[in-house]
């Protein structure tokens, strides 16, 4: 039997509503006002949580890229300067924490380095996300596990052996594994949604889906295939500046996505055959004794 994973006041697992995460990531472009607008859009859509990305730029940006120049909404600057520009401060996250609590929505983050884990831990998040890029960082996985919160592990750009090693390192307690393909946006033929069933059979933990495709139907299909947690990037406008915007979902689309997920999970039922009361009249009319 697959055990549920408790995330805040909600359970992830069979028999519970799909846990829907709107990944804000860095689509806020360093603006608290944009961030709050994205949180409010996520609440209106009926999401359970919003997720951010937290990095220590000096640790996460390779040395050979730190001084490279690039055009940004704030003018030309080095890549390291840009990475700092889109990082929120402790004061900013305190405001985000208060805002999310006032809206009754969970929030957590993908932490890309150990100091970022320590930073986010100050806010006692309901969970931690391990990004696909960090799946092979054994030290980061171990440090994140020490915090004691549930972990959501994304598996994009990873081999079966790498996934297995990460799961062995983390252990299966309070673990949700998310199938993912790390292409932005991802082509339908590379989504490989049947991996949801493969991961469930192999690891016997709740399985989620982190999608980076355009469109909504394949994410709904992931729920039909057994995903108990769904994550998609959210944006105010897919034309906004930023690397993740094009593979994100706008607010109206997110509302449709959550609506369709709820319809599909209700329609799936429990797999036990029964005759419904709504069928009795038509049965009496059409079936010969």
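The values are calculated or read from the model by the stated rules, or taken from the named source; none is laboratory data. Only a predicted model underlies this, so the values are computations on that prediction, with no experimental measurement involved. With ideal geometry, Cβ positions are generated from the backbone for all residues, glycine too; neighbour counts draw on all protein chains shown.
I'd like to know if the range 1-24 contains one or more residues that are more than 30 Å from residue 172 (Cα to Cα), touching a helix residue (DSSP H, G or I) at 6+ places or on another chain (Cβ under 8 Å) and either in a strand (DSSP E or B) or at pLDDT below 95 (or both). No, there is no match, as no residue in the range 1-24 is more than 30 Å from residue 172 (Cα to Cα), touching a helix residue (DSSP H, G or I) at 6+ places or on another chain (Cβ under 8 Å) and either in a strand (DSSP E or B) or at pLDDT below 95 (or both).
In the range 104-121, the residues that are at positive phi and part of a loop (DSSP other than H, G, I, E, B) never reach a residue that is crowded, with 17+ Cβ neighbours inside 10 Å and modelled with pLDDT of 95 or more with C-beta atoms less than 7 angstrom apart, at least six apart or across chains. Is it the case that the range 29-38 has a residue that's surrounded by fewer than 17 Cβ atoms within 10 Å (Cβ to Cβ), more than 17 Å from the chain's Cα centre (by Cα), closer than 22 Å to residue 125 by Cβ and free of Cβ contacts under 8 Å to residues at least 24 places away in the same chain? Yes: the range 29-38 contains one or more residues that are surrounded by fewer than 17 Cβ atoms within 10 Å (Cβ to Cβ), more than 17 Å from the chain's Cα centre (by Cα), closer than 22 Å to residue 125 by Cβ and free of Cβ contacts under 8 Å to residues at least 24 places away in the same chain.
Selection over the range 155-175 of residues that are touching a helix residue (DSSP H, G or I) at 6+ places or on another chain (Cβ under 8 Å), outside any helix (DSSP H, G or I) and closer than 26 Å to residue 10 by Cα gives a count of 5. So residue 97 ticks every box in (1) free of Cβ contacts under 8 Å to residues at least 60 places away in the same chain; (2) under 19 Å from the mean Cα position of the chain (by Cα); (3) buried (at least 17 other Cβ atoms within 10 Å of the Cβ) but one. Which box is left unticked? The one condition residue 97 does not meet is (3).
Listed conditions (1) surrounded by 22 or more Cβ atoms within 10 Å (Cβ to Cβ); (2) in contact with a strand residue (DSSP E or B) (Cβ under 7 Å, 6 or more places away or on another chain) are all met by residue 76, apart from (1).
Among the conditions (1) outside any helix (DSSP H, G or I); (2) surrounded by fewer than 17 Cβ atoms within 10 Å (Cβ to Cβ); (3) touching a strand residue (DSSP E or B) at 6+ places or on another chain (Cβ under 9 Å), residue 178 misses just one, which is (2). Counting only helices (runs of 4 or more DSSP H) that sit completely within the range 40-89, those holding 2 or more residues that are closer than 16 Å to residue 131 by Cβ correspond to 57-60.
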